[in-house]
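The values are calculated or read from the model by the stated rules, or taken from the named source; none is laboratory data. Model, not experiment: these values are computed from the prediction. Cβ placement follows ideal geometry from the backbone for every residue including glycine, while neighbour counts extend to all protein chains displayed. The protein model used for the area step is the full one, side chains on, heavy atoms only, and it has no ligands, DNA or RNA in it. Shrake-Rupley method; radii C 1.70, N 1.55, O 1.52, S 1.80 Å.
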Amino acid sequence: MQHYVRYLVFLILILPLFIPISLASIPHPSSQYIYFNVSLSEGYKIVIVSYSNQTFPLLIFTPTQFAYWIKNLTTSAIVVTNISKGNYSFYLPQGNYIVVIDGYNNFYPSPQNYKLYTIPYNVYALISQPKNDSAIGIAAYGVGNKSSCVITTNAILGYFNISSIYAYNSTFYVPYGASLQLNAVLRGGNQSLFLQNVIGFITNKNILQFVTNIWNLTSPLASLNNSFFYFNSTSYFTYKLPFAGYLIINVSNVSEGVKISFGYIIIQNGSITEPIVRFFTTVYFPFKGYILVDPFNLTGNYHAYDTEFVFGGYEDGEITTFISLNATLALYYNSTYGWIPFRSIYTYGVNTGEGVTNLHVSLLHGYANVYVGNESLSLLTTHFNPSNPYLLYIRVLPYNYSFYVNSSYKIYFPENISSKYEVARLNSIYVNGVKVKNGYVISYSTLPKVVEIYVNYTYYFYVSIILPNGSILRGWYSNGSDITLPKEIYFNNNERYILTVNTVYVQQPLINYTPEYVKQFKVMVDNSTYWVNQGSNITLYSPTFLILTVKWIGTYNVTNGATIEVTSPIVEKEIIGINYVNLCIILVLVIALTWLIRRILS
């Protein structure tokens, strides 16, 4: 009803300025006239294009008025005027009409000299009758439930987060293709350019490319089929799900005219990535310009001044079907206050030629959620309120932990972190190499910003060390410190422990840690004393002569040359004795030898 009220006001105030209306001077029908039956939809106007230099009367009737007129009965007309060569527009309410071009004084109009069109004159006509299989996502036309507004900006930003995507159209030469399009209209001078920043997906191969299209919408005869102006694309590369980021179209006025940049920002390709703005296309035109959303006017070829962030077929007007899709979308424009979401959002685009058969859109946590379902062709909300774009990327070292935030970020790290056996004490914080205090605020930016935080904690670990003699060393030690242990621990005068590793390196709590010590026993052999490792073997041996014997008296009482295992302190004394057997043998031999010598000599 509000749309009808707007049109009625328009007709009352504006229509008399452009359409001569006469109810008294209606010419009678000539013997030859041309007429057109017109069914006029809401928001559409009648346009007559005349190629004849001759002037003829033009009349517009309702069907009832026309029926009276052709019978020469008294009637009235909606419009009575004269036309010659040129274009003539007539703004009338929705309804059925007959448009007549009449002859006079034996001059008759030729049908080939006249063309009649019904053409939308504002965006209400386009959005009130969306075509089936439209591109689906989110679009801003400047139209709300109760009010409309014009928006001009130098940049638009489309956020996407895709967790699944698979499309198929068996009749198209890229059967598994699909697109996500950020579309806008640039107005500059008397020019209207349709700008497209497109992701072209090949969904069965998980590859994509970024594409730029620019179309000329200035001429009434231009269309998305014959107004192609510029094309550029990147190489294909692999994407992983979830796949998230931003498409951006930026317009800046420079000395050469208007500079249009098409770019993208990837924030997640399977895993979170560092944001980098990559402008893959930059185009210049020799006039100043801006991005325009205008519900009250259309481009020269009757397209909407809108912005669209929509899924569609791959290219060339393809209509595709999605086997699966789950995506989150948001759409922003740049202002002096930063990125502002378009508040009034429709679920379909009217400018692009591509479309889909089976996508639905609903609100989810402030964003637009697009998924496979019944086709959405409606106003989604007049209070679209997604979060600020997540453009501030923070990496925390040395933990190598990364995350995104969508506002200024206040740094806070606990001064002390403690548990039963571990304490961490904050030493210092660095932001991009500059030392800062706890509580430092990292400012938000409307462009991607990478901040590296290095936080330095000193860690203290509780250590309890049980020594071989039963004593316990306890205390808190900083990470990386060395604990020097006693090299020798005497249990008594005959037993001791020797450390095999001189220090203990602290990297974690050590509870009831037992260092490596070797137990030694004192060994006294005759007049020599030394320490021997427990479990070692020693041999008790002393050289002897023929008439002497050696034995060891003490802990083990063994013979000369015996090997014993050291399992306790050892005291052994060498005892030397006489070998009487050997002594008797030697005496017998000496006596016998003496007797033999005397015998020989006598």
Open item on the list: Tell me the carbon and sulfur percent of the accessible area for the chain, rounded to whole percent, probe radius 1.4 Å.
Closed with: 54 percent
Task: Positive minus negative residues near N400 (Lys, Arg vs Asp, Glu; Cβ under 15 Å) - done: -1
TODO: Would you mind computing, in nm to one decimal, how far apart the modelled labels at K487 and S602 are, each placed 7 Å from Cα along Cα→Cβ?
DONE: 7.6 nm
Task: Calculated SAXS-style log₁₀ I(q)/I(0) at q = 0.10 Å⁻¹ - the chain, Debye, Cα scatterers - done: -0.98
Open item on the list: I'd like to know which of I429, N388, V441 lies farthest towards the positive end of the charge dipole of region 377-450, counting +1 on Cβ of Lys and Arg and -1 on Cβ of Asp and Glu.
Closed with: I429
Task: Cα long-axis angle, helix 2-13 against the chain (0 to 90 degrees, to the nearest 10) - done: 40 degrees
Task: Net lengthening on full extension, Y505/T539 (0.36 nm per residue, minus Cα-Cα) - done: 8.3 nm
Task: Eligible lysines near K259 by straight Cα distance, threshold 18 Å, same-chain separation 8 or greater - done: K288
Task: Solvent-accessible heavy-atom area per residue, rounded to whole Å², over the chain at 1.4 Å - done: 50 Å²
Task: Computed label-point distance, nm, for sites R343 and K259 using a 7 Å Cα→Cβ extension - done: 3.3 nm
Task: Mean Cβ count within 10 Å, highest first, over the residues of peptides 234-247, 83-96 - done: 234-247, 83-96
Task: region 520-581: Cα Rg divided by the 2.2 N^0.38 Å rule of thumb - done: 1.18
Task: region 399-483: chymotrypsin sites (Phe, Trp or Tyr not before Pro) falling in loop per DSSP and having at most 13 other Cβ within 10 Å - done: Y399, Y412
- [ ] Could you state how much accessible area L593 has, in square angstrom rounded to the nearest 10, with a 1.4 Å probe and all protein chains kept in place?
- [x] 100 Å²
- [ ] For the chain, find the longest principal axis of its Cα atoms and tell me its angle to the long axis of helix 580-601, 0 to 90°, nearest 10.
- [x] 50 degrees
TODO: Tell me what the chain gives for mean residue ellipticity at 222 nm when only DSSP H runs of n ≥ 4 count, each as -39,500 (n - 2.57), the sum divided by the residue total, rounded to 500 deg cm²/dmol.
DONE: -2500 deg cm²/dmol
Open item on the list: What does the charge count around S50 come to, taking other residues whose C-beta lies under 11 Å from its C-beta (Lys +1, Arg +1, Asp -1, Glu -1)?
Closed with: +2
Open item on the list: Taking 0.36 nm per residue of sequence separation and subtracting the Cα-Cα distance, how much length would be gained by fully extending the chain between Y401 and K519, in nm to one decimal?
Closed with: 37.7 nm
Task: Lys pairs under 26 Å by Cα in region 392-451, provided they are eight or more residues apart or on distinct chains - done: 5
TODO: Taking a cut-off of 22 Å between Cα atoms, list the lysines near K522, but don't count ones fewer than 8 places away on the same chain.
DONE: K487, K551, K573
Task: Probe 1.4 Å - accessible area at S602, Å² to nearest ten - done: 120 Å²
TODO: Work out, step by step, the length gained on full extension between S471 and N105: first 0.36 nm times the residue separation, then minus their alpha carbon distance; give nm to one decimal.
DONE: 118.6 nm
TODO: For an R0 of 41 angstrom, estimate the FRET efficiency from the Cβ-Cβ distance between N154 and S84 and round to the nearest 0.05.
DONE: 0.40
TODO: Give the calculated FRET efficiency between S170 and K115 to the nearest 0.05, with a Förster radius of 35 Å applied to their Cβ-Cβ distance.
DONE: 0.35
- [ ] Determine the sum of side-chain charges near V450: Lys and Arg each +1, Asp and Glu each -1, restricted to other residues whose C-beta is under 12 angstrom from that of V450.
- [x] 0
TODO: Extending each Cα 7 Å along its Cβ direction at S52 and L589, get the distance between those two points in nm, one decimal.
DONE: 16.3 nm
Open item on the list: Test of understanding: extend the Cα→C-beta vector of I266 to 7 Å, then name every residue of region 167-204 with backbone N under 17 Å from that spot.
Closed with: 180, 198-204
